[in-house]
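Okay, structure first, notes after.
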Amino acid sequence: MQLSKRLQKIADKVPPSVRVADIGTDHGYVPVYLIENKIAQTVIATDISSKSIKKAEVIIKNHRVEDKIYTRVGDGLLPLEIGEVDTVIIAGMGGVLIGNMLKDGLDIAEKIDTFILQPMMGQEKLRHYLLNNGFAIEDEVLVYEDKKFYEVMVARHGSQTVEDDIYYEIGYNLIVNHDPYLPKFIYKKMDKTKKLISHLEKQDTQTAKKRMDELKTRLLKYEEVYGWVQKFEI
Ligand SMILES: C[S@@+](CC[C@H](N)C(=O)[O-])C[C@H]1O[C@@H](n2cnc3c(N)ncnc32)[C@H](O)[C@@H]1O
């Protein structure tokens with residue numbers, strides 16, 4: 001199984017696990033890869049959509065790994081039994097939805113060691129949820145594919161605090177790890193914020209002024225972090 005850059009990074013973060021679950025698997029590519037490369041002994045591939053599960057089942061069968069990948073239809077972590085898997089992957093969904101899955105499946109989440117999370121949006125909200133609910137983000141990596149950035153997080157149970165709210169938006173581990181895509185990632189945020197500010201400058205309302213002040217403060221923070229990380233670029 002050949003994976004896209006995003007899925008490959010997700011798979012690379014899976015520790016040698018006996019049992020893995022891929023929640024919202026859709027196509028089932030990651031479970032197949034994990035079995036073919038002997039990273040997992042068994043994988044439970046779940047999805048809320050039975051259509052997605054049927055699609056995954058065809059791919060799993062074509063790769064002749066149906067004896068090692070079990071498919072289930074259901075919401076979030078709920079199709080899993082307590083203690084059934086060591087590692088869970090939840091990728092390609094919104095950060096709020098991912099946080100809700102962890103909250104709704106708390107009993108199941110408690111017995112899972114490693115959480116590989118890749119939110120498509122709401123990354124800041126997911127970091128908030130994790131750090132305020134007994135998780136620590138131990139590792140993070142950026143993926144740049146088709147002109148988009150993806151943030152892959154590895155979380156475990158633990159305690160972690162942030163010294164500055166900016167680290168909810170720019171993962172602290174990306175700085176610690178000197179992630180080579182970090183300068184470009186922050187530059188993009190600065191660019192977007194500057195465009196928003198110049199758009200708001202044309203409006204003469206109190207709400208626009210308030211928003212503009214918030215964005216200017218945020219821009220200063222981005223510029224500060226950008227100053228530290230510029231040298232990381234490849
Ligand atoms: C964009 S796809 C991502 C597929 C794959 N994980 C990836 O990263 O490429 C999102 C998948 O999540 C599934 N999904 C959405 N909400 C879900 C939920 N509450 N529980 C389980 N699966 C869900 C969707 O049906 C869809 O197949």
Problem - Relative contact order, percent, region 182-232 [alpha-carbon distance under 8 Å, six or more residues apart] - result: 55 percent
Exercise for the section: Please express the shape of region 28-106 as an equivalent ellipsoid: the semi-axes are the square roots of 5 times the eigenvalues of the C-alpha gyration tensor, given largest first in whole angstrom. Expected result: 21, 14, 11
Practice task
Can you tell me the FRET efficiency between residue 133 and residue 232 if r is taken as the Cβ-Cβ distance and R0 is 35 Å, rounded to the nearest 0.05?
Solution key: 0.70
Problem - Helical mean residue ellipticity (222 nm; -39500 (n - 2.57) per DSSP H run of 4+; nearest 500) of the chain - result: -13500 deg cm²/dmol
Fill in the blank from the handout: Residue span residue 149 to residue 125: 0.36 nm per residue of separation minus Cα-Cα distance leaves a gain in nm of 6.9 nm
Practice task
Please report, in cubic angstrom per residue, the volume enclosed by the convex hull of the alpha-carbon atoms of region 138-208.
Solution key: 125 Å³
Handout entry: Label-to-label distance, nm, for residues given as residue 49 and residue 195 (7 Å Cα→Cβ offset)
Key = 2.8 nm
Fill in the blank from the handout: Among 28, 74, 95, the residue with the largest mean-square fluctuation in a Gaussian network model of the chain built from Cα contacts under 10 Å is 74
Practice task
Would you look at the GNM of the chain, springs on alpha carbons closer than 10 Å, and say which of 69, 186, 137 moves the most?
Solution key: 186
Practice task
Could you work out how far apart the two model spin labels at residue 164 and residue 111 are, taking each label as a point 7 Å from the Cα in the direction of the beta carbon, and quote it in nm?
Solution key: 4.2 nm
Exercise for the section: For residue 78, enumerate residues with amide H under 5 Å from its amide H, sequence gap 5+ or separate chain, H modeled in the peptide plane. Expected result: none
Practice task
Could you please state how large a percent of the accessible area of the chain is carbon and sulfur, counting protein chains only and using a 1.4 Å probe?
Solution key: 50 percent
Exercise for the section: State, to one decimal in nm², a quarter of the convex hull surface area for the C-alpha atoms of the chain, i.e. the direction-averaged projected area. Expected result: 14.0 nm²
Fill in the blank from the handout: Length-normalised contact order of region 5-161, Cα under 8 Å, at least 6 apart, in percent, tallies to 21 percent
Practice task
Using Cα pairs closer than 8 Å and at least 6 residues apart in sequence, work out the relative contact order for region 142-234, in percent.
Solution key: 34 percent
Practice task
Can you tell me the FRET efficiency between residue 82 and residue 5 if r is taken as the Cβ-Cβ distance and R0 is 30 Å, rounded to the nearest 0.05?
Solution key: 0.30
Completion exercise
Averaged per residue, the 1.4 Å probe accessible area of the chain, protein heavy atoms only, in Å², is roughly 53 Å²
Exercise for the section: Determine by what factor the alpha-carbon radius of gyration of region 182-232 differs from 2.2 N^0.38 Å, reporting the quotient. Expected result: 1.25
Exercise for the section: Using a 10 angstrom cutoff on alpha carbons, build the Gaussian network for the chain and name the most mobile of 184, 202, 111. Expected result: 202
Completion exercise
Karplus-derived 3J(HN,Hα) from phi for region 55-71 (6.51 cos²θ - 1.76 cosθ + 1.60, θ = phi - 60°), whole Hz, x at Gly and Pro, runs 4, 4, 4, 5, 5, 4, 5, 4, 8, 6, 10, 5, 7, 10, 10, 9, 9
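The values are calculated or read from the model by the stated rules, or taken from the named source; none is laboratory data. This structure is a prediction, so every number in the text was calculated from the model and none was measured. Cβ atoms come from the backbone with ideal geometry, glycine included; neighbour counts cover every protein chain shown. For accessibility, only protein heavy atoms count, side chains too; no ligands or nucleic acids. Shrake-Rupley method; radii C 1.70, N 1.55, O 1.52, S 1.80 Å.
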